[in-house]
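Peer 1: There's a structure below that I have some questions on.
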Amino acid sequence: MPARLFLSSGDLVADRRFDFARDLQLKGDLVAAADLLLQATELAPTFASAWFTLGEIREQLGERAPAIAAFREAQVADPDDRHGASLRLMLLGAERLSAMPPAYVRALFDQYAPKFEAALIDDLDYRGPALLFKAVVAACNEVRKPAFFKRAIDLGCGTGLAASAFARGVDHFVGIDLSPRMIEKARSSGLYAQLQVSDMLEGLRDRPEASADLVLAADAMVYLADLAPVLREVKRVLVPGGMLAFTVETHDGEDVILGEGLRYAHGAAHVRASIGEVGLKLSRLEHSSARNEDNAPAPGLVALAVKS
Ligand SMILES: C[S@@+](CC[C@H](N)C(=O)[O-])C[C@H]1O[C@@H](n2cnc3c(N)ncnc32)[C@H](O)[C@@H]1O
């Protein structure tokens, strides 16, 4: 996983207290760590990293209400919420399920970018792009069409692993990603004709109607609570007969939940309903895991939809 995000308070003494507190936290002395963090926030009341870490420690100590209070302070101190305090509040049941803060996703993947591929492929046995490729080839075979696409869009393209899996079958790849550092890596892969740093919904909105033959999202929809707005834009940019293939994580229920790993899990019923709601035709929905979590396959779905 990426290194922890640290936002300096601007006060040297408060920052030092934070460092000591982290040492104590790592050594397991949670009470002393919490005490030091409180001191740091007294010195620097808008010290988001200290409030956020205090929230985590209070949670570890089983102190739910004080943890909620600290996470709320972290949100106030950093309204962009780069630490993802709102996600911790959702997990604690203190906030309703809602969208992930874009600044959190950007900070997470900007930090992750240098070691992303090694971590995903070697440690998590990542297979999202291969699953999408298999699904797209199977769908093309069914309609006796070559798995060849002139224009493809890779949503949440990251470093370019999906473009690499599809490289031989696509003429012109567009990659869209929130994280500038991931986009830098994608650029150095040489696989994309165009790359755009933006939220995938905004990126799709910038594209003309009927301008893509294939849209991919490998392990990227797991950062979206509500799939429908993106799916609606995908339908608009696809040509008739164009395909959308994506992976999600899933769970036994019907709705969307936020998992402990801070990724959304979409029930199969929700995926089906979202695709139907925007007027795409679901052509396959298979249970398949794109990566491991705690050394076991994380439950997942591979969806393939077509614009009729
Ligand atoms: C787990 S990585 C997967 C990257 C790539 N698709 C792959 O298969 O290796 C998820 C990527 O989605 C991007 N992402 C998450 N939410 C996004 C959003 N709303 N708009 C654009 N990119 C997003 C992240 O920045 C990250 O690069």
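Peer 1: Looking for something small (Gly, Ala, Ser), farther than 30 Å from ASP123 by Cβ and in contact with a Ser or Thr (Cβ under 7 Å, 6 or more places away or on another chain) - is there at least one such residue anywhere in region 204-215?
Peer 2: Checked against the condition, which is being small (Gly, Ala, Ser), farther than 30 Å from ASP123 by Cβ and in contact with a Ser or Thr (Cβ under 7 Å, 6 or more places away or on another chain), region 204-215 yields no hits at all.
Peer 1: Which condition number does LEU12 fail, the rest of (1) open to solvent by less than 30 Å² (accessible area, probe 1.4 Å); (2) free of Cβ contacts under 8 Å to residues at least 24 places away in the same chain being met?
Peer 2: The failed condition is (1).
Peer 1: Got a number for residues in region 166-190 being open to solvent by 20 Å² or more (accessible area, probe 1.4 Å) and away from the ligand (no atom under 12 Å from the Cβ)?
Peer 2: 7
Peer 1: For region 227-273, give me each residue that is within 12 Å of the ligand (Cβ to nearest atom) and touching a Ser or Thr at 6+ places or on another chain (Cβ under 8 Å).
Peer 2: LEU227, THR247
Peer 1: Next up: Quick one: which residue in LEU216, LEU224 is within 11 Å of the ligand (Cβ to nearest atom), within 17 Å of the chain's Cα centre (by Cα) and open to solvent by 10 Å² or more (accessible area, probe 1.4 Å)?
Peer 2: After ruling out the rest, the residue left standing is LEU224.
Peer 1: Being surrounded by fewer than 17 Cβ atoms within 10 Å (Cβ to Cβ) and charged (D, E, K, R) is the filter; apply it to region 237-271 and report the residue that is nearest to the chain's Cα centre (by Cα).
Peer 2: GLU260
Peer 1: Out of all the residues in region 191-213, which are of a type outside the set (A, V, I, L, M, F, W, C), touching a Gly at 6+ places or on another chain (Cβ under 9 Å) and away from the ligand (no atom under 11 Å from the Cβ)?
Peer 2: Result: TYR192, GLN194, ASP213.
Here is a yes/no grid of residues against (1) farther than 30 Å from GLY169 by Cβ; (2) surrounded by 15 or more Cβ atoms within 10 Å (Cβ to Cβ):
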| site | (1), (2) |
| --- | --- |
| LEU87 | yes, yes |
| LEU91 | yes, yes |
| ARG96 | yes, no |
| PHE133 | no, yes |
| ASN141 | no, no |
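Peer 1: Kindly provide the set of residues from region 260-277 that are under 10 Å from VAL222 (Cα atoms) and in a loop (DSSP other than H, G, I, E, B), ordered by number.
Peer 2: LEU262, ARG263
The values are calculated or read from the model by the stated rules, or taken from the named source; none is laboratory data. Quick caveat: nothing in here was measured; it's all calculated off a predicted structure. Virtual Cβ from ideal backbone geometry, glycine too; neighbours counted across all protein chains shown. Each accessible area value is taken on the protein alone, full model and side chains, heavy atoms only, with ligands, DNA and RNA left out. Shrake-Rupley method; radii C 1.70, N 1.55, O 1.52, S 1.80 Å.
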